[in-house]
Every structure is written in structure tokens, then in C-alpha cells.
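To keep things clear, I will list the structure first and then write my remarks on it.
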Amino acid sequence: EEELSKTSAVLTKVRKKWAKQLQEQIILGLQDLNFLNVSFEISFEEREKFTALGKDQIHFLISTNPGETVKELSKVVSGGELSRIMLAIKTLLADKDDTETLIFDEIDTGISGRTAQKVAEKMAVISRNHQIICITHLPQIASQANAHYLIEKNVEEKGTTTRIRGLSYEESVEELARMLGGAKITEAVLQNAAEMKDLAQQQKNTRLK
């Protein structure tokens with residue numbers, strides 16, 4: 001037990017050293033994703049019993065609003081915020097994480113413009129090592145995908161059926177145009193959508209090289 005205590009203490013010391021650096025990097029990543037006044041802390045609590053991972057109980061604490069004290073991550077953020085926070089963390093750990101598939105839902109809640117572009121770029125970085133599935137209504141994010149699927153809900157014989165189908169390049173451009181232009185899709189909007197999709201793929205190919 002004495003030897004186990006010494007080994008666990010060494011592990012805790014190493015964790016605390018790197019936690020400070022990780023904390024700073026996560027804050028920068030969150031600021032990139034439009035959490036402008038964010039506070040983020042990694043706290044340590046000693047467990048009563050030993051585990052295979054030492055005696056540390058680690059908590060992620062966050063405040064997304066000025067003047068608010070940090071609280072446990074799972075208790076203070078919405079679904080969309082949680083997706084963006086996970087994205088910031090996963091981006092930092094992209095080459096060290098064994099999770100094969102990441103699913104992001106509501107990640108575009110409350111963001112647009114440059115922030116949406118930043119979210120899309122970070123997901124593109126993670127997609128080098130993981131499969132990314134993302135449900136989105138923002139063209140900046142959708143344009144980065146390698147494959148697009150359309151989810152449709154239809155009423156048939158007094159029942160509701162949901163279908164999902166893969167889209168061709170032309171269909172993907174049309175859906176991007178719908179996101180950009182709303183109900184009326186003009187030729188100019190279609191050209192803009194095609195340009196956005198092609199530019200996103202060029203940027204991804206450049207980053208991969």
C-alpha cells in the first residue's frame with residue numbers, strides 16, 4: 001500500500017503539471033469558438049480508494065459568462081455549448097484519442113459567420129484521425145464534409161416516416177444553396193454554394209498536405 005501511495009502521488013504530480021498547460025490550450029480553443037469570456041479549470045480531488053488510474057478524481061470546471069464562478073462542466077452548459085467544448089478538447093487530443101466516431105449535434109446553435117467557419121475548420125482537423133458525423137444547418141460547416149446525407153420526414157398513410165439518403169455533388173450544392181438562399185434559389189446562389197463547397201475541399205486538401 002505504501003508503494004502504491006508513492007506511485008499514485010507521482011502520477012498526480014505529473015497530471016497537475018500538464019493540467020495547467022492543457023487548461024490554457026483549452027481556453028484558447030474555446031475563445032476560437034466564440035466563448036469570449038470563458039473561464040476553464042481542471043480540478044483535482046483525492047479518492048478514498050485506489051483505482052487502476054491512481055487516486056485522482058478529476059473535474060472540468062467552466063464559466064461561459066463574465067462574473068460567474070466556475071462550475072462542473074456537465075451541469076452548466078447547453079447541448080450546443082457542450083458540443084463546441086468537446087470539439088475544442090478533441091482538437092487538442094486528435095492524434096491521441098482512440099475514439100473512432102464522433103457525433104456532433106446542435107454544434108451550430110447560436111453561432112454564425114467567422115465562428116461557424118472556425119468550428120468547421122476544427123472538425124476538418126479532427127476528421128484526419130476520426131470519422132465525424134455532424135447534423136448542421138449552417139453552410140460553412142456542411143461545406144467541409146466529404147459526404148452529405150439528407151434527412152427527410154414524410155407523412156404516409158397517417159404515419160410519419162423518416163428517411164436518410166446520400167447526396168450527389170449536384171444535390172449537395174442545391175442543399176447548400178437552400179441554406180444560403182432560403183426559399184428562392186437563384187443561379188447566383190447556386191454558384192455561391194458550388195464555390196463554397198469547392199473552396200472548402202481545396203482548403204482541406206491543402207491542410208492535409
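List of remarks:
- Checked against (1) surrounded by 13 or more Cβ atoms within 10 Å (Cβ to Cβ); (2) out of contact with any Leu (no Cβ under 6 Å at 6 or more places or on another chain); (3) over 21 Å from T109 (Cα atoms), V14 passes all but a single condition, namely (1).
- Test: residue in segment 105-127 that is of a type in the set (A, V, I, L, M, F, W, C), outside any loop (DSSP other than H, G, I, E, B) and over 23 Å from V173 (Cα atoms): yes
- Among residues of segment 161-183 that are within 15 Å of D198 (Cα to Cα), those with a Cβ under 9 angstrom from a residue that is part of a helix (DSSP H, G or I) and charged (D, E, K, R), sequence gap 6+ or separate chain, pair up as Y169/K197; S172/K197; V173/K197; L176/K197.
- Pair list, Cβ under 9 Å, 6 or more apart: segment 105-118 residue modelled with pLDDT of 80 or more, other residue loosely packed, with under 14 Cβ neighbours inside 10 Å and part of a loop (DSSP other than H, G, I, E, B): D108/H137
- In segment 140-149, the residues that are open to solvent by less than 50 Å² (accessible area, probe 1.4 Å) and over 16 Å from the mean Cα position of the chain (by Cα): H148
- Among the residues making up segment 128-139, those that are open to solvent by 40 Å² or more (accessible area, probe 1.4 Å) and either in contact (Cβ under 8 Å) with a residue 60 or more places away in the chain or not in a loop (DSSP other than H, G, I, E, B) (or both) are R128, Q131, I132, I133, C134, I135.
- In segment 31-48, the residues that are touching a residue at least 40 places away in the same chain (Cβ under 8 Å) reach residues that are open to solvent by less than 50 Å² (accessible area, probe 1.4 Å) and in a strand (DSSP E or B) with C-beta atoms within less than 9 angstrom, at least six apart or across chains, in these pairs: F35/I62.
- From the options K118, K122, K204, K197, residue that is charged (D, E, K, R), under 27 Å from A88 (Cα atoms), open to solvent by 40 Å² or more (accessible area, probe 1.4 Å) and in contact with a helix residue (DSSP H, G or I) (Cβ under 8 Å, 6 or more places away or on another chain): K118
- Of all the residues in segment 8-42, those that are part of a strand (DSSP E or B) and under 22 Å from M123 (Cα atoms) number 1.
- Against the criterion of being open to solvent by 60 Å² or more (accessible area, probe 1.4 Å), modelled with pLDDT under 85, out of contact with any His (no Cβ under 9 Å at 6 or more places or on another chain) and not small (G, A, S), E152 does not qualify.
- Against the test of being open to solvent by 40 Å² or more (accessible area, probe 1.4 Å), of a type outside the set (G, A, S) and at pLDDT 90 or above, the options E68, E46 yield a single qualifying residue, E46.
The values are calculated or read from the model by the stated rules, or taken from the named source; none is laboratory data. Computed from a prediction, not measured in an experiment: that's the story for all the values here. A quick note on method: Cβ atoms are made from the backbone with ideal geometry, for glycine too, and the neighbour counts reach across all protein chains shown. Just the protein is used for accessible areas: all its heavy atoms, side chains included, with ligands, DNA and RNA removed. Shrake-Rupley method; radii C 1.70, N 1.55, O 1.52, S 1.80 Å.
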